[in-house]
Amino acid sequence: MSTWYRDIKTFKDENGYEIDGIWYPRVTAIVGIKAKPALYQFYAGLPDFATGEAIKAKSAEEGTLVHDTIEAILRKEPVVVPESIKPAISAFMKFYTSNDIVPHKIEERVISKNRHYAGTIDVLAEINGVLGVLDVKTSIAVYRDYSIQTSAYIEALREDPNIPPLSRWILRVNQLKKCLKCPATFRDKGGREKIRGEKFQCDHEWGPMQGEYEFKELTTFNEDIKAFLACKDLWEWENAYWLKKVY
């Protein structure tokens, strides 16, 4: 069932950007059309939909706090790291100090005029001498959907004939506790406590909260951009009523 909006302004505000008098649909809105089985499973395990929405909102706030702190570090701005995310930021600093990172653009909008969409990249940077888009995530794993989102950013950047070949990376930053007796881990995000990796029944003894990071290069651009453009076709079909009012 398609989403209904109060009016055309609400549709435009929630799904895109007005840039130089032209409205562009947003990359994340387009990718949002894709089914997310893991998300459905998440909702199925909760008492009601409202609980899920509350957890998602709080989790998003925590993720934004990590993003904002990392961006401030990359800009070399003074940073006071909130106690609640210190382990995650410590993990980021291990990555940051172990690699040669030269940021060129941070939290900057990119536009595809050829494909007619826009998005906001986390970081365009040289990492160990290679230029590319770095997307920061605070998830428990690197999900395949991230490939679709980042391919759209690369496609938009490639419209500049002066830009060299670009790489894509996901930097996943997380914080958790590890059991001192078994391989299990404990994570609290958005107020939802989750234990993973239990191999046997254990009266867990949790160690201190610690950060971790995962740095992964994405190498399937051709397949990923096809998937993104397919999402865009479906998103436009789903929202045809509103798009006729926009254009």
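The values are calculated or read from the model by the stated rules, or taken from the named source; none is laboratory data. Computed from a predicted model, the values in this text were never measured in an experiment. Note: ideal-geometry Cβ built from the backbone for every residue, glycine included; neighbour counts use all protein chains shown.
A few comments on the model shown:
- Being in contact with a Ser or Thr (Cβ under 7 Å, 6 or more places away or on another chain) and of a type in the set (A, V, I, L, M, F, W, C) is a property that does not hold for residue 234.
- One residue stands out among those in segment 4-32 that are among the hydroxyl-bearing types (Ser, Thr, Tyr) and closer than 25 Å to residue 225 by Cβ: the one that is farthest from the chain's Cα centre (by Cα), which is 24.
- Inter-residue pairs, beta-carbon under 9 Å, first closer than 16 Å to residue 148 by Cβ and in segment 205-223, second acidic (Asp, Glu) and surrounded by 13 or more Cβ atoms within 10 Å (Cβ to Cβ), 6+ apart: 218/135; 218/224; 221/155
One line per residue, one yes/no per condition, for (1) loosely packed, with under 13 Cβ neighbours inside 10 Å; (2) farther than 29 Å from residue 70 by Cβ; (3) among the small types (Gly, Ala, Ser):
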position: 201; (1), (2), (3): yes, yes, no
position: 215; (1), (2), (3): no, no, no
position: 218; (1), (2), (3): no, no, no
position: 223; (1), (2), (3): yes, no, no
position: 227; (1), (2), (3): no, no, yes
position: 231; (1), (2), (3): no, no, no
position: 238; (1), (2), (3): no, yes, no
position: 245; (1), (2), (3): yes, yes, no
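- Selection status of residue 190, surrounded by 13 or more Cβ atoms within 10 Å (Cβ to Cβ), small (Gly, Ala, Ser), in contact with a Ser or Thr (Cβ under 8 Å, 6 or more places away or on another chain) and at pLDDT below 95: yes
- Segment 63-105: number of residues that are surrounded by 15 or more Cβ atoms within 10 Å (Cβ to Cβ), part of a loop (DSSP other than H, G, I, E, B) and touching an Asp or Glu at 6+ places or on another chain (Cβ under 8 Å): 0
- Near pairs, Cβ below 9 angstrom, 6+ apart or cross-chain, from segment 85-113 (within 15 Å of residue 126 (Cβ to Cβ)) to any residue that is among the hydroxyl-bearing types (Ser, Thr, Tyr) and not in a strand (DSSP E or B): none
- Test: residue in segment 175-182 that is closer than 30 Å to residue 23 by Cα and surrounded by fewer than 21 Cβ atoms within 10 Å (Cβ to Cβ): no
- The set of residues from segment 160-174 being among the aliphatic types (A, V, I, L, M) and either over 27 Å from the mean Cα position of the chain (by Cα) or surrounded by 13 or more Cβ atoms within 10 Å (Cβ to Cβ) (or both) comprises 166, 170, 171, 173.
- Pair list, Cβ < 7 Å and 6+ apart or interchain, from segment 127-155 residues that are touching a residue at least 40 places away in the same chain (Cβ under 8 Å) and under 19 Å from residue 174 (Cα atoms) to residues that are assigned to a helix (DSSP H, G or I) and of a type in the set (Val, Ile, Thr): 136/70; 138/66; 145/31
- For the criterion of being acidic (Asp, Glu), at pLDDT 95 or above and either farther than 26 Å from residue 67 by Cα or surrounded by fewer than 16 Cβ atoms within 10 Å (Cβ to Cβ) (or both), residue 155 fails.
- Listed conditions (1) more than 25 Å from the chain's Cα centre (by Cα); (2) within 23 Å of residue 56 (Cβ to Cβ) are all met by residue 207, apart from (2).
- Neighbours by Cβ (under 6 Å, 6+ apart or cross-chain): first from segment 60-81, under 12 Å from residue 103 (Cα atoms); second at pLDDT 90 or above and assigned to a loop (DSSP other than H, G, I, E, B): 72/79; 73/79
- Restricting segment 155-183 to residues that are touching a strand residue (DSSP E or B) at 6+ places or on another chain (Cβ under 8 Å) and among the acidic types (Asp, Glu), the residue that is nearest to residue 214 (Cα to Cα): 155
- Counted as qualifying within segment 143-226 are the strands (runs of 3 or more DSSP E) with 2 or more residues that are polar (S, T, N, Q), out of contact with any Cys (no Cβ under 9 Å at 6 or more places or on another chain) and within 24 Å of residue 100 (Cα to Cα), namely 167-178.
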